[in-house]
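A short write-up of the structure that comes next.
Quick note: the coordinates plus some simple rules give every number you see, no bench work behind them. Note that the structure is predicted; figures quoted are calculated from it, not measured. In this analysis, Cβ positions are derived from the backbone assuming ideal geometry, glycine residues included, and neighbour counts consider all displayed protein chains.
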Amino acid sequence: MLPYATIEEAEAAVGRGLTLAETLWFRYSASKSDYFLYCHNVLFLFLVFNLVPIPLAFAELTRSLGLDQYKIQPKVRLSLAEMRKCYKDVNRVFFLVVGPLQLVSYPSIKIIGIRTGLPLPSRWEILSQLVVYFLVEDYTNYWIHRFLHSKWGYEKIHSVHHEFTAPVGYTAPYAHWAEVLILGIPSFLGPALAPGHMVTFWLWIALRQIEAIETHSGYDLPWSPTKYIPFYGGAEYHDYHHYVGGQSQSNFASVFTYCDFIYGTDKGYQYHKKVLGKLKGMNGGTGTGLNRGKYDCPSDEVKSD
Ligand SMILES: [Zn+2]
Ligand SMILES: [Zn+2]
């Protein structure tokens, strides 16, 4: 809730006229409680979880939209029943864990110092904070993910996320409820280190989930804008982690590739690509096409790490 009754009062407090965005923010948020504004995240997450993967699910089920040539593991296709089960499980965890976690985590937002008032943050402030949030979350997530690949962590928790060896968009949040809880912590670390505006926080939570859906899309789309982000892993990188499965000791990072490079956990992936590159070269470059996946060996199955 903003401490100004009118736009004139807000402009006097800010010391200048409000921008269009600030005027819209004032009209929308002035009479709403900070808690209510924070709870918008539940709606945004619900919309992202449910709507963003729809084109990917449609392409997967109908083999349409001209995306087949970019499918990373084309031999593995989810049926409608499998897709429906995944969707139902994701929504069950959303209503039982993700939503309630958002509702009760409000005190942490107040402690962190997320603000709702005016002025709104500049584009540069939003962008720089989002970069910090992604870097902090990625680094923390990397180590939690490695822990989840210990014998205990995998058997008790993480094996659920690995049920899908060829992920599709809806499998991004498909995980044991405990994993959803644990991986929620890194999402708050960045905002705790560099607290910003509620609008930035909304953007962060939504963008992180959209990024996870793209990473689990199952398609390596050459025109994806994320191709221009330095050290960005993307779908092809994370798909390999699912392809190898429970024994995987490679490609733990959720967003960027630098942690795997620094700590030597991309060796299996690099070796696999090198071997396949050589074999495909010997076979006249038949390593791509509708029936051959990114990781399929031309003559025999090669799985390393
Ligand atoms: Zn894993
Ligand atoms: Zn995954």
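Return the subset of K151/K294; K156/K227; K151/K227; K71/K278; K88/K278 for which the Cα-Cα distance in this structure is over 32 Å, preserving the input order.
Values: K151/K294 28 Å; K156/K227 35 Å; K151/K227 34 Å; K71/K278 21 Å; K88/K278 42 Å.
Among K151/K294; K156/K227; K151/K227; K71/K278; K88/K278, the Cα-Cα distance tops 32 Å for K156/K227; K151/K227; K88/K278.
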What angle do you read, to the nearest 10 degrees and between 0 and 90, between the alpha-carbon axis of helix 40-51 and the longest principal axis of the chain? 30 degrees
What is the order of H197, H216, fewest Cβ neighbours within 10 Å to most? H197, H216
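Taking the chain on its own, what percent of its Cα-Cα pair distances exceed 23 Å? It would help to have the intermediate numbers written out before the result.
Details: 27948 of 46360 pairs.
Of the Cα pairs, 60 percent sit more than 23 Å apart.
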In whole Å, what is the distance between the alpha-carbon centres of region 74-149 and region 202-246? 14 Å
When the charge dipole of the chain is computed with +1 on Lys and Arg Cβ and -1 on Asp and Glu Cβ about the Cα centre, the Cα farthest towards its positive end, among P107, V97, H238, belongs to H238
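Might you report the magnitude of the Cβ-based charge dipole of region 4-94 about its Cα centre, with Lys and Arg at +1 and Asp and Glu at -1, to the nearest 20 debye? Before the final figure, lay out the partial values.
On the way: 11 positive and 9 negative charges, 158 e Å.
With only Lys, Arg, Asp and Glu charged at Cβ, the dipole is about 760 debye.
Using helices alone, I'd like the mean residue ellipticity at 222 nm for the chain: each DSSP H run of four-plus residues gives -39500 (n - 2.57), total over residue count, nearest 500.
Working: 16 runs with 169 residues, N = 305.
It comes out at -16500 deg cm²/dmol, rounded to the nearest 500.
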Can you work out the Karplus-derived ³J(HN,Hα) for every residue in region 123-139? Use 6.51 cos²θ - 1.76 cosθ + 1.60 with θ = phi - 60°, whole Hz, and x for glycine or proline. 4, 5, 5, 4, 4, 5, 5, 5, 4, 4, 4, 5, 5, 5, 5, 5, 5
Which one of V275, L2, G66 is farthest out on the positive end of the charge dipole of the chain, using unit charges on Cβ (Lys, Arg +1; Asp, Glu -1) and the Cα centre as origin? V275
A10: net charge of surrounding residues, Cβ under 11 Å, Lys/Arg +1, Asp/Glu -1, itself excluded? -2
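Among 182-195, 240-253, 81-94, how do they line up by average Cβ neighbours within 10 Å per residue, starting with the highest? Before the final figure, lay out the partial values.
Values: 182-195: 17.7, 240-253: 20.3, 81-94: 16.1.
Output ranking for 182-195, 240-253, 81-94: 240-253, 182-195, 81-94.
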Largest to smallest principal axis extent of the C-alpha atoms in region 1-86, angstrom: 63, 25, 16
Suppose every Lys and Arg Cβ carries +1 and every Asp and Glu Cβ carries -1, with no other charges. What dipole size does the chain come out with about its Cα centre, to the nearest 20 debye? 520 debye
Can you bin every Cα-Cα distance in region 18-155 into 10 Å intervals starting at zero and give me the percent of pairs per bin, rounded to whole numbers? 9, 22, 34, 23, 12, 1
